[in-house]
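Peer 1: Here you go, one structure.
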Amino acid sequence: MLDTKPRWGNECPTDWKITFLKSEKFGSTVMAFHFAKPEGFGFIAGQFVDLTLINSLEMDDQAPSRSLTIITASFEDDLIFAVRFGIGYSSEA
C-alpha cells in the first residue's frame, strides 16, 4: 500500500491509498510499477505524485518517498509509473 499526494494545488484531496499490482522490467535500467487507480482519482497527463511506502521492509537513503510521473492516460484503469535506475543497478535481486 502506498500513500500518494498529487501535485494539483489546493483543489484536490491530499492523500490517496493505492494498491500495488505488478512490476515490469524494460531493458536493464527501467522498471514500470502498476497500481490500482482509486475511484475518483483524476489527473492530467504528465502530472506527478509523491509516493510514500507504508510499512516497507527495505529502505534506501531517499526512502520512503519518491516523486514520480504518471505515465498512463487518465481514462485507463491502472496507474503506472516508470523509474529509470542508475548505472550498476540490477533488478535481479
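Peer 1: When both residues are 6+ apart or on different chains and their Cβ atoms are under 8 Å apart, which pairs have a first residue that lies in segment 72-90 and is open to solvent by 80 Å² or more (accessible area, probe 1.4 Å), and a second that is at pLDDT below 90 and not in a loop (DSSP other than H, G, I, E, B)?
Peer 2: Arg84/Val30
Peer 1: Another one. Is it the case, given these coordinates, that Leu53 is under 15 Å from Trp16 (Cβ atoms), at pLDDT below 75 and either among the small types (Gly, Ala, Ser) or open to solvent by 40 Å² or more (accessible area, probe 1.4 Å) (or both)? I'd like the intermediate steps shown before the answer.
Peer 2: On the way: under 15 Å from Trp16 (Cβ atoms): yes; at pLDDT below 75: yes; either among the small types (Gly, Ala, Ser) or open to solvent by 40 Å² or more (accessible area, probe 1.4 Å) (or both): yes.
Yes, satisfied.
Peer 1: Only strands (runs of 3 or more DSSP E) wholly contained in segment 1-45 count here; list those with 2 or more residues that are at pLDDT 55 or above and either among the small types (Gly, Ala, Ser) or open to solvent by less than 50 Å² (accessible area, probe 1.4 Å) (or both).
Peer 2: On the way: elements: 2-6, 16-26, 30-36.
Counting at least 2 such residues, we get 16-26, 30-36.
Peer 1: Give the residues of segment 58-93 that are among the hydrophobic types (A, V, I, L, M, F, W, C) and modelled with pLDDT of 65 or more, sorted by residue number. Don't jump to the end; show me each part of the working.
Peer 2: Residues of segment 58-93 that are among the hydrophobic types (A, V, I, L, M, F, W, C), as a first pass: 59, 63, 68, 70-71, 73, 75, 79-83, 85, 87, 93.
Leu68, Ile70, Ile71, Ala73, Phe75, Leu79, Ile80, Phe81, Ala82, Val83, Phe85, listed by residue number.
The values are calculated or read from the model by the stated rules, or taken from the named source; none is laboratory data. Treat the numbers as computed from the prediction; the structure is a model and nothing was measured. Counting neighbours? That spans all protein chains shown, and the Cβs are built from the backbone with ideal geometry, glycine included. Only protein heavy atoms, including side chains, enter the accessible area calculation; ligands, DNA and RNA are left aside. Shrake-Rupley method; radii C 1.70, N 1.55, O 1.52, S 1.80 Å.
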